[in-house]
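Data first, discussion second: the structure below is written as structure tokens.
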Amino acid sequence: HISVPSESALDAAYAAALRGLLEETPDGRIRARREWALQDLESGSEPPALTAEEMAEYEGRYGPRRIYLEDGVLYYQRTPQPPRRLEPMAQDLFRVGDLDFFRLSFARDDQGRIVKVIGLYENGQRDEHEREPD
């Protein structure tokens, strides 16, 4: 039994089931998909709010990727694709527009500066690009 408001009961039960399944899932591809679904549930319906200053930290070029702030909204664009809105899920983790299979994560150095972007795919694949100097 999980004590949650009734409107959250299905999501809470699904998350608990996924956590249980993860403990028993050695296969990397299946595990990646289950972790993906759990991460989506745990990000909840209320994403973290970022200030304009916090959003500006992500701006920059990362190889073929560009992150920029326009009218208070953070965008991602990978050449030659159209720009997509970034929606925060957790610290340094974002949904990318309507792409259900792809997310972006950002890595920081010891001083807290963002140094690279990591493309995360639902199947567990990753690709990384270092931040280019300003």
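Do we find that residue 37 is open to solvent by 30 Å² or more (accessible area, probe 1.4 Å), closer than 30 Å to residue 17 by Cα and among the small types (Gly, Ala, Ser) in this structure? Considered against the rule, which asks whether it is open to solvent by 30 Å² or more (accessible area, probe 1.4 Å), closer than 30 Å to residue 17 by Cα and among the small types (Gly, Ala, Ser), residue 37 comes out as no.
For (1) more than 18 Å from the chain's Cα centre (by Cα); (2) buried (at least 17 other Cβ atoms within 10 Å of the Cβ); (3) under 30 Å from residue 3 (Cβ atoms); (4) among the aromatic types (Phe, Trp, Tyr), each residue gets a yes or a no:
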{"site": "49", "(1), (2), (3), (4)": "no, no, yes, no"}
{"site": "59", "(1), (2), (3), (4)": "no, no, no, no"}
{"site": "65", "(1), (2), (3), (4)": "no, yes, no, no"}
{"site": "80", "(1), (2), (3), (4)": "yes, no, no, no"}
{"site": "95", "(1), (2), (3), (4)": "no, yes, yes, no"}
{"site": "119", "(1), (2), (3), (4)": "no, yes, no, no"}
{"site": "131", "(1), (2), (3), (4)": "no, yes, no, no"}
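For the stretch 55-75, state whether one or more residues are small (Gly, Ala, Ser) and in a loop (DSSP other than H, G, I, E, B). Among the residues of the stretch 55-75, at least one is small (Gly, Ala, Ser) and in a loop (DSSP other than H, G, I, E, B), which makes the answer yes. The requirement of being of a type in the set (Val, Ile, Thr), over 20 Å from residue 125 (Cβ atoms) and either over 13 Å from the mean Cα position of the chain (by Cα) or crowded, with 16+ Cβ neighbours inside 10 Å (or both) is fulfilled somewhere in the stretch 67-78, by at least one residue.
The values are calculated or read from the model by the stated rules, or taken from the named source; none is laboratory data. Quick caveat, the model's predicted, so the values are computed rather than measured. Every residue, glycine among them, receives a Cβ derived from its backbone with ideal geometry; neighbour counts consider all protein chains shown. Each accessible area value is taken on the protein alone, full model and side chains, heavy atoms only, with ligands, DNA and RNA left out. Shrake-Rupley method; radii C 1.70, N 1.55, O 1.52, S 1.80 Å.
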